[in-house]
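Trainee: This is the structure I have questions about; it appears just below.
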2 protein chains.
Amino acid sequence: MINRRMEELGKAPSKIREIFEYGKKRKAEIGEENVFDFSIGNPNVPAPADVNKTYKNLIDTHDDIWLHGYTSASGDPDTRRAIADDLNRRFGTSFQASNLYMTCGAAASLKITITAIVEPGDEFITFTPFFPEYRVFVETAGAKLVTSPTDPDTFQIDFGNLEAAITEKTKAILVNSPNNPSGVVFREETVQKLAALLAEKEKEYGHTIFLIADEPYRELVYDEEIKVPYMTKYYPDTVVCYSYSKSLSLPGERIGYILVPDEADHAADLYAAVAGAGRALGYVCAPSLTQHVIEKCVGQVSDLSVYKTNRDLLYDALTEYGYTCVHPDGAFYLFVKALEEDASAFCERAKDFELLLVPADSFGTPGYVRIAYCVTTDQIRRSLPAFRKLAHAYGRS
Amino acid sequence: MINRRMEELGKAPSKIREIFEYGKKRKAEIGEENVFDFSIGNPNVPAPADVNKTYKNLIDTHDDIWLHGYTSASGDPDTRRAIADDLNRRFGTSFQASNLYMTCGAAASLKITITAIVEPGDEFITFTPFFPEYRVFVETAGAKLVTSPTDPDTFQIDFGNLEAAITEKTKAILVNSPNNPSGVVFREETVQKLAALLAEKEKEYGHTIFLIADEPYRELVYDEEIKVPYMTKYYPDTVVCYSYSKSLSLPGERIGYILVPDEADHAADLYAAVAGAGRALGYVCAPSLTQHVIEKCVGQVSDLSVYKTNRDLLYDALTEYGYTCVHPDGAFYLFVKALEEDASAFCERAKDFELLLVPADSFGTPGYVRIAYCVTTDQIRRSLPAFRKLAHAYGRS
């Protein structure tokens, strides 16, 4: 009398959560400082100071109905206007409040978008490696997730593979750049090529193929010269799914948005379907107080310098120790080839050195592990001898 | 290439929202004080003063990772323990943190619960009048909503109708007491009779029939002698869906919970399915800062005395003017028989007197209107002549 698929999903928590729970237990046993937990993508830098100041200031200066009352389902108009203005300033776009629909974070943005467009028999394509919850969101919406392998050395799009994956059933391509877990950013020429291919396929099949841009890591890029192209400028049938979880270090507050550009096919119907899906899924509005905070703090970003320090330290050391990994341009993950074929066995072995890594099988890339470096630089430093010993155990360096 | 049902849901905003939007427009035309807007259930009393103090105090005394970081998907353990303790104190139950799953409010609680238990061919039964979003939540989960008419004079359960509605396809009964929109509370003997009937039907059909108790109005009861029975004490297969929207006047913050009692059939599987459904629907966790506020403020209730004042004023006046309405024991709605057969036509006529009422057709009770009295007492007082004139227009008093 219970939905078995939901029961399974509840009982099989993600591998990431499982390792995170092991880490908590292990820390209690041998002391926090002796466990090197790289399992979870929980930002460890504080929000910009203005964020907490704004929470308090708004509470001091506004009445409770404004602070805590329902906003419209699509979100507070002032918040949406502030976000549109900020995007326009940064990307030379011309969005308005009416292009934005506020959500409870990226997962909600993705689930609402998928639900808004899904029809029976649909296929959604994503590139490996991919965030495992994509499979959950797509399959429980009644569609099929098709994975398109990227170039095994660079994790950039393999356009031959992608073209082979697109069929008349393709409803959308799910893109995550900067990527969790590889840290790879799709450069402008890649995005241009992707846009051209999708436009061609739209023509060939005579229907819209959406590009769903999952962008929680947009601001987490550590080198001046790396630009993250704004997808709507290259391909009109793009829906942007955004979250402030990483850029403002507010993952628990569940705040983000969906952006539907006017240029998309049947944009007004699509926006209505987004609103309808939000309603059907039980999302009444995004949390009101935090919406108001976003209005005031839009455009600010947490101090991400620690992530850059961590990335450089870890990337340099691990490649020196004989590990193979692609240089991550963004996000806060290092994606490393396991030193044996079975990444789960490798992660088990890593535990002997108190290193908690995540095998990437569920990301669609067996043989790799994800290292979340959104931890203290001190943890990185202290963990390096353990990474070296692990490499030694496999006969490296 | 868009899901038509979602597009429809987005384009057909609830009747309530439509009237609310008309009200905003009308107020801009003739002045706020000249429009008597009774359309929307947005609490107009502030949160208890402790709530805003707690927001600020937590920000001043805790680090950002604790304040704004992910909680576990089921919610912060301290928050859940505090809620369990409060329920146990008030209702003599013996819940633990592990019985609770924190959600983004009542709509999320309901949608997650329905998704956790739904299987193909299922029917969910609710009593008229009912909150119209029940239909949206149930139908978009792939099940059928069956409505069971209540006694037309008292809006209490008609057990003959209910028994006729229950079939082997019945998965759950959705109960909302105090009721939106009638204000009716199901008393202990009614709950006992309901529990006995459901237990009998479970035996007859050889499977679980859940009782889903939608309880956002639990604390909104205005007379000492009215007790709202705690459903799990009467029927073990009860899932409680709660929200702090009304009790703490925090509707925009999206905070509530699902309670799965240990006594429910396969309680552990059911709780897992709730967690799985939350995951599949894109709910990562309930907003973290507000979860922490709930931990500190649990058991507090906004000053609801204005609602009682409003209810008494409005009920006494309207019955005097010749309107027929059941005496509302709780919630903040007065449910009134329209003075002509077509409630929509009646509401149009009411607009001539700047009275904004909601026709109850979508609540499953044509011929009635809902008056949300969560407004200022001043608005109630100023609106009374208009209600009198409207009655006169129909030849009353």
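The values are calculated or read from the model by the stated rules, or taken from the named source; none is laboratory data. All values derive from a computational prediction rather than experimental measurement. Here the Cβ is made from the backbone with ideal geometry for all residues, glycine too, and neighbour counts use every protein chain on show.
Trainee: Spot the failing condition for B:Ile65; the list is (1) within 8 Å of chain A (Cβ to nearest Cβ); (2) part of a helix (DSSP H, G or I); (3) touching a residue at least 24 places away in the same chain (Cβ under 8 Å), and only one is missed.
Mentor: (3)
Trainee: Moving on. Given the criteria crowded, with 17+ Cβ neighbours inside 10 Å and either acidic (Asp, Glu) or touching an Asp or Glu at 6+ places or on another chain (Cβ under 7 Å) (or both), does A:Leu162 qualify? First the steps, then the outcome.
Mentor: On the way: crowded, with 17+ Cβ neighbours inside 10 Å: yes; either acidic (Asp, Glu) or touching an Asp or Glu at 6+ places or on another chain (Cβ under 7 Å) (or both): no.
Taking the combined requirement at face value, the residue does not satisfy it.
Trainee: Here's another thing I want to ask about it. Restricting attention to the range A:250-277, which residues are in a loop (DSSP other than H, G, I, E, B) and under 21 Å from B:Thr103 (Cα atoms)? Spell out how you get there, then give the answer.
Mentor: Kept after step one, since they are in a loop (DSSP other than H, G, I, E, B), are these residues of the range A:250-277: A:250, A:254-255, A:260-266.
Scanning the range A:250-277 gives A:Leu250, A:Arg254, A:Ile255.
Trainee: If I go through the range A:361-389 residue by residue, how many of them are over 24 Å from the mean Cα position of the chain (by Cα) and either touching a residue at least 60 places away in the same chain (Cβ under 8 Å) or closer than 30 Å to A:Val146 by Cα (or both)? Spell out how you get there, then give the answer.
Mentor: First pass over the range A:361-389, keeping only residues over 24 Å from the mean Cα position of the chain (by Cα): A:378, A:381-389.
Subset that is either touching a residue at least 60 places away in the same chain (Cβ under 8 Å) or closer than 30 Å to A:Val146 by Cα (or both): A:381-384, A:386-388.
Qualifying residue count for the region: 7.
Trainee: Inside the range B:275-304, can you point out the residues that are on the phi > 0 side of the Ramachandran plot and within 12 Å of chain A (Cβ to nearest Cβ)? Please lay out each step first, then the result.
Mentor: Of all residues in the range B:275-304, those on the phi > 0 side of the Ramachandran plot come to B:282, B:299.
Of everything in the range B:275-304, just one residue is on the phi > 0 side of the Ramachandran plot and within 12 Å of chain A (Cβ to nearest Cβ), namely B:Gly282.
Trainee: Of the numbered conditions (1) under 18 Å from A:Asp214 (Cα atoms); (2) away from chain B (no Cβ under 11 Å), A:Ala108 satisfies every one except a single condition; which is it?
Mentor: Condition not satisfied by A:Ala108: (2).
Trainee: Oh, and also: On the given criteria, is B:Thr232 surrounded by fewer than 24 Cβ atoms within 10 Å (Cβ to Cβ) and either away from every other protein chain (no Cβ under 14 Å) or within 16 Å of B:Phe127 (Cβ to Cβ) (or both)? Break it down into steps so the answer makes sense when it comes.
Mentor: Numbers: surrounded by fewer than 24 Cβ atoms within 10 Å (Cβ to Cβ): no; either away from every other protein chain (no Cβ under 14 Å) or within 16 Å of B:Phe127 (Cβ to Cβ) (or both): yes.
No; evaluated as a whole, the condition is false for this residue.
Trainee: Kindly indicate the residue of the range B:256-274 that is surrounded by 24 or more Cβ atoms within 10 Å (Cβ to Cβ) and facing chain A (nearest Cβ under 8 Å) and also farthest from B:Asp85 (Cα to Cα) among those meeting that condition.
Mentor: First, the residues of the range B:256-274 that are surrounded by 24 or more Cβ atoms within 10 Å (Cβ to Cβ): B:256-260, B:270-271, B:273-274.
Filter once more, so that each one left must be facing chain A (nearest Cβ under 8 Å): B:270-271, B:273-274.
Working: B:Leu270: 22, B:Tyr271: 19, B:Ala273: 24, B:Val274: 22 Å.
It comes out as B:Ala273.
Trainee: Let me ask you something else. Which of the residues belonging to the range B:187-224 are more than 21 Å from B:Tyr257 (Cβ to Cβ), hydrophobic (A, V, I, L, M, F, W, C) and in a loop (DSSP other than H, G, I, E, B)?
Mentor: B:Ile209
A quick yes/no check of all residues on (1) of a type in the set (A, V, I, L, M, F, W, C); (2) under 28 Å from the mean Cα position of the chain (by Cα):
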residue	(1), (2)
B:Ile16	yes, yes
B:Tyr22	no, yes
B:Ile30	yes, no
B:Ser39	no, yes
B:Asn52	no, yes
B:Tyr55	no, yes
B:Asp60	no, no
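Trainee: Further, regarding this structure: Working only within the range B:344-377, note down all residues that are acidic (Asp, Glu) and at pLDDT below 95.
Mentor: B:Asp361
Trainee: State whether one or more residues within the range B:181-193 are over 21 Å from the mean Cα position of the chain (by Cα), closer than 30 Å to B:Cys104 by Cβ, at pLDDT 95 or above and surrounded by fewer than 20 Cβ atoms within 10 Å (Cβ to Cβ). It would help to see each step written out before you state the result.
Mentor: Here is the first cut: in the range B:181-193, the ones over 21 Å from the mean Cα position of the chain (by Cα) are B:189, B:192-193.
Adding the requirement that they be closer than 30 Å to B:Cys104 by Cβ leaves none.
Within the range B:181-193, not a single residue is over 21 Å from the mean Cα position of the chain (by Cα), closer than 30 Å to B:Cys104 by Cβ, at pLDDT 95 or above and surrounded by fewer than 20 Cβ atoms within 10 Å (Cβ to Cβ).
Trainee: Out of the range A:305-330, which residues are away from chain B (no Cβ under 14 Å) and either among the hydrophobic types (A, V, I, L, M, F, W, C) or over 21 Å from A:Phe36 (Cα atoms) (or both)? Steps first, answer last, please.
Mentor: Step one: filter the range A:305-330 for residues away from chain B (no Cβ under 14 Å), giving A:305, A:307-330.
Answer for the range A:305-330, where residues must be away from chain B (no Cβ under 14 Å) and either among the hydrophobic types (A, V, I, L, M, F, W, C) or over 21 Å from A:Phe36 (Cα atoms) (or both): A:Leu313, A:Leu314, A:Ala317, A:Leu318, A:Cys325, A:Val326, A:His327, A:Asp329, A:Gly330.
Trainee: Hey, another quick one. Taking the criterion of being of a type in the set (Lys, Arg), within 30 Å of B:Glu168 (Cβ to Cβ) and at pLDDT 95 or above, would at least one residue in the range B:215-230 satisfy it? Walk me through how you get there before you give the answer.
Mentor: Within the range B:215-230, the first condition is being of a type in the set (Lys, Arg), and the residues that meet it are B:218, B:227.
With the extra rule that they be within 30 Å of B:Glu168 (Cβ to Cβ), the set shrinks to none.
No, the conditions are met nowhere in the range B:215-230.
Trainee: Looking for whichever is in contact with a His (Cβ under 8 Å, 6 or more places away or on another chain) and free of Cβ contacts under 8 Å to residues at least 60 places away in the same chain here; the options are B:Gly252, B:Gly282. Which one fits?
Mentor: Every option except B:Gly252 fails the conditions.
Trainee: Give A:Asp316, A:Asp312, A:Asp303 a once-over and let me know the one that is modelled with pLDDT under 95 and either within 22 Å of the chain's Cα centre (by Cα) or closer than 20 Å to A:Val185 by Cα (or both).
Mentor: Going through A:Asp316, A:Asp312, A:Asp303 in turn, just one is modelled with pLDDT under 95 and either within 22 Å of the chain's Cα centre (by Cα) or closer than 20 Å to A:Val185 by Cα (or both): A:Asp303.
Trainee: Looking at (1) part of a helix (DSSP H, G or I); (2) among the aliphatic types (A, V, I, L, M); (3) touching a strand residue (DSSP E or B) at 6+ places or on another chain (Cβ under 9 Å), find the lone condition where A:Val146 falls short.
Mentor: (1)
Trainee: If I ask for residues that are within 14 Å of chain B (Cβ to nearest Cβ), outside any helix (DSSP H, G or I) and farther than 27 Å from B:Asp50 by Cβ, which ones from the range A:68-99 would you list?
Mentor: A:Ser72, A:Ala73, A:Ser74, A:Gly75
Trainee: What's the number of the condition B:Thr167 fails, among (1) farther than 27 Å from B:Leu334 by Cβ; (2) assigned to a strand (DSSP E or B); (3) not small (Gly, Ala, Ser)?
Mentor: (2)
Trainee: Which condition from (1) over 17 Å from A:Ile209 (Cα atoms); (2) surrounded by fewer than 22 Cβ atoms within 10 Å (Cβ to Cβ); (3) away from chain B (no Cβ under 14 Å); (4) modelled with pLDDT of 95 or more is the one that A:Thr150 breaks?
Mentor: Of (1) over 17 Å from A:Ile209 (Cα atoms); (2) surrounded by fewer than 22 Cβ atoms within 10 Å (Cβ to Cβ); (3) away from chain B (no Cβ under 14 Å); (4) modelled with pLDDT of 95 or more, only one is false for A:Thr150: (2).
Trainee: Kindly indicate whether B:Thr128 is away from every other protein chain (no Cβ under 12 Å) and within 14 Å of the chain's Cα centre (by Cα).
Mentor: Working: away from every other protein chain (no Cβ under 12 Å): yes; within 14 Å of the chain's Cα centre (by Cα): yes.
Here the answer is yes, as B:Thr128 does meet what is asked.
Trainee: Pull up the range B:27-57, narrow it to residues that are touching a residue at least 12 places away in the same chain (Cβ under 8 Å), buried (at least 19 other Cβ atoms within 10 Å of the Cβ) and assigned to a helix (DSSP H, G or I), then point me to the one that is farthest from the other protein chains (Cβ to nearest Cβ).
Mentor: B:Thr54
Trainee: Could you check, for the range A:105-115, whether at least one of its residues is in contact (Cβ under 8 Å) with a residue 60 or more places away in the chain, more than 25 Å from A:Val284 (Cα to Cα), among the β-branched types (Val, Ile, Thr) and out of contact with any Lys or Arg (no Cβ under 8 Å at 6 or more places or on another chain)?
Mentor: No, that holds for no residue.
Trainee: Keeping to the range B:288-312, report how many residues are surrounded by fewer than 16 Cβ atoms within 10 Å (Cβ to Cβ) and in a helix (DSSP H, G or I).
Mentor: Looking only at that region, the number is 4.
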